[in-house]
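Before any comments, here is the structure.
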Amino acid sequence: MTTTTAAPARRRSSGWHGFRRLLTTETKVWMRDFASPFFGIVFPTIILLGVGYFIPGMRETITDAPPDSVWFGLTPIATFLPTVLAMAVGTASLTVMPVTIATYREKGVLRRLSTTPMRPQGIVASHLIINMVTTLVGIALALVVAELAFGVPVPSRLGVVLLAMALGLSAMFALGMLVAAVAPRPSSANAIAMSLYFPMLLLAGLWTPGPIMPDLLRDIGQFTPLGAAAQALTTGWFESGFPMLQMVVMVVWTVVLLPLAVRLFRWS
Amino acid sequence: MAQPIVEVSNLRKTYGDKVAVDGVSFTVQPGEIFGILGPNGAGKTTTVETLAGLRHADGGSVTVLGHDTQRDPAAVKDLLGVQLQEATLHDKITVGEVLQLFAGFYSRPADPDELLALLDLTEHTDKQFGRLSGGQKQRLSIALALVGNPEIAILDELTTGLDPQARRSTWELVERVRATGVTILLVTHFMDEAERLCDRLVVIDAGRVVAEGTPTGLIDGLDDERTVVVRFGADDAGRARERLDRLAAEHPDVARVEELDGTPGEIAVSGTPRVLFAVVPALAEADLVPEDVRTVTRTLEDVFLAVTGRTYAPQEPEPELTTEGVRS
């Protein structure tokens, strides 16, 4: 069997040739959809500003906590910040990325790509990167606004906060990837994502942040990826001790969900 | 004949207990337009997707440019351009962007600007995919199949959904592309498209090859019957029918005479290839001047009827095929 028909300049593709252009093109095209960048970047900050300015008492110093508690002297909006950051972690990963990938699957873009030397994994990887970056920008925006508008104190232990953030990101993106892997259509991706997103926001303290969360919600929440992230962030920001359980929970979610997503991923 | 560029041998593919491709074999020579023709659901797309290494075969072998695409699908990705049925793009990506993007995947890409010119898309470079017409989308799809400078381009149901004018200009494009030296595998359920474009073709029905050859070869291989249709005005129709019936009884080259349904006064005379020579003098002698004379051209549809015993119905209901087993 001869292989000389191919011209010598041809080379065997690694499957990633042209990935940089794929990433930049995908980013450009993705930004033309107003909703996708908006939700990932601006939505958490809008919630922060809305709660801070429109709910009475959020900017007043807490005086009804015991004077030796960590909450004494803080503002309620400050205790809300970890929840907003957790929300930022969960928004692009769960509400934007799975729908994008399910749309590409439905339109046949993933299949179209599999006929070229580029692997269809390339497009999944580029949206993972795009949404990760969006999330980080969203977090940075929320932090800057929290500082400028509400004078939220810096975290007491930055290392714990950064670790909680990183593990929260990995757990939520693993979950988002699983939704993207199995949802047959964009509408079903959206339905699955939303039915996970809102309960998770509840457990992350969107309606009952930090110190005012009922024990039952807290007990359930610590075993969910976003609830664990919010609790670990709160601990790192205001309290003492290391949120071991929450960190382990996030690691476990990641190592369970990610391989599952890879295994179940449907390309067409 | 040169070394074949594609060799498919006894290819089998099943989905559950449904056999989609049942022992298909053919070879494609460099530089030809090779057709895979058949009704919807015949197994055409499964065949080409398997030969392109996009699906696992259940049996048989496929060699493309010397590579076994079942064992090593990545080996041909750089050499093969594939235009898939029903694959679309992001609505907001522009024509220019997507061509540049795809060009970047290949080791020896074509010049995207030249391709745009070849496919009459230059003026639409900055248009977003969602705003293109059906014909423009189809031309872009061909451009994407060619942007890697492939040795072989697989074009699947290229003109489905296009208006007649767009179909004809797409056919011209395919011929222009072949003129640049690309071997083309054309998958189609349109008989006229296959007849017009293909140098050679296989007709596939229910997962099997039922005919193989050049379009004219296949048509010439049918039985030798020829038909002449003559049309008369109301005054002459009766007399003409009588005269032709008599001719059928007397003349060895005339087998039968039928009045056609639909158009009044239309009479079909069938017989040997010399039937025309019998009909014309008989009418001339009786001074019967037809308003219209035509000889019935035979097409690949007649070939399909002859080999399957069924009238060609391209829109047969598609059997349920899962997309399971598509490779990443």
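No value in this document is a laboratory result; all are computed from the given coordinates. Keep in mind that this is a model prediction, so the values were computed, not measured. In this analysis, Cβ positions are derived from the backbone assuming ideal geometry, glycine residues included, and neighbour counts consider all displayed protein chains.
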Cα convex hull of the stretch B:226-297, projected area averaged across orientations, nm²: 4.2
For the stretch B:14-78 versus the stretch B:144-166, the gap between their alpha-carbon centres in whole angstrom: 17
Per-pair calculated FRET efficiency, R0 = 30 Å: A:Asp33 and A:Asp219 via Cβ, rounded to 0.05: 0.15
Taking N as its residue count, the alpha carbon Rg of chain B over 2.2 N^0.38 Å: 1.22
Ranked list, fewest to most other Cβ atoms within 10 Å of each Cβ, for A:Tyr197, A:Tyr104, A:Tyr53, B:Tyr15: A:Tyr53, B:Tyr15, A:Tyr197, A:Tyr104
Neighbour-count ranking [beta-carbon atoms within 10 angstrom, fewest first] of B:Lys44, A:Lys107, A:Lys28: A:Lys28, A:Lys107, B:Lys44
Environment charge of B:Phe277, counting only residues whose C-beta is closer than 12 Å and scoring Lys/Arg +1, Asp/Glu -1: +1
Mean-position separation - Cα centroids, the stretch A:62-87 and the stretch B:180-252, in angstrom: 86
Over 32 Å between alpha carbons, listed pairs B:Lys13/B:Lys92; B:Lys13/B:Lys127; B:Lys18/B:Lys92; B:Lys77/B:Lys127; A:Lys28/B:Lys13: B:Lys13/B:Lys92; B:Lys13/B:Lys127; B:Lys18/B:Lys92; A:Lys28/B:Lys13
Ranking of A:Thr134, A:Thr208 by count of other Cβ atoms within 10 Å, fewest first: A:Thr208, A:Thr134
Cβ neighbours within 10 Å from other chains - mean over B:77-90: 6
Protection proxy ranking, peptides A:223-231, B:96-104, average beta carbon neighbours within 10 Å, highest first: A:223-231, B:96-104
Computed P(r) (all Cα pairs; chain A; 10 Å bins; percent): 7, 28, 31, 18, 9, 4, 2, 1, 0
HN-Hα J in Hz across the stretch B:102-108 - Karplus 6.51, -1.76, 1.60, θ = phi - 60°, x for Gly and Pro: 5, 4, x, 7, 9, 7, 9
Cα centroid separation - the stretch A:140-192 against the stretch A:41-61, whole Å: 18
Charge tally in the Cβ shell below 15 Å around A:Thr24, where Lys, Arg are +1 and Asp, Glu are -1, A:Thr24 excluded: +3
Sequence-distant residues sharing a close amide H with B:Glu212 (under 5 Å, placed H): B:Val203
Counted charge near B:Phe190, where neighbours are those whose Cβ lies closer than 11 Å (Asp, Glu -1; Lys, Arg +1): -3
Shape parameters for the stretch B:151-218, alpha-carbon atoms, Rg then Dmax in Å: 12.2, 34
Averaged over A:24-32, number of beta-carbon atoms from partner chains that fall within 10 Å: 4
Three-way shape label, the protein assembly as shown, alpha-carbon gyration tensor, a/c 1.5: prolate
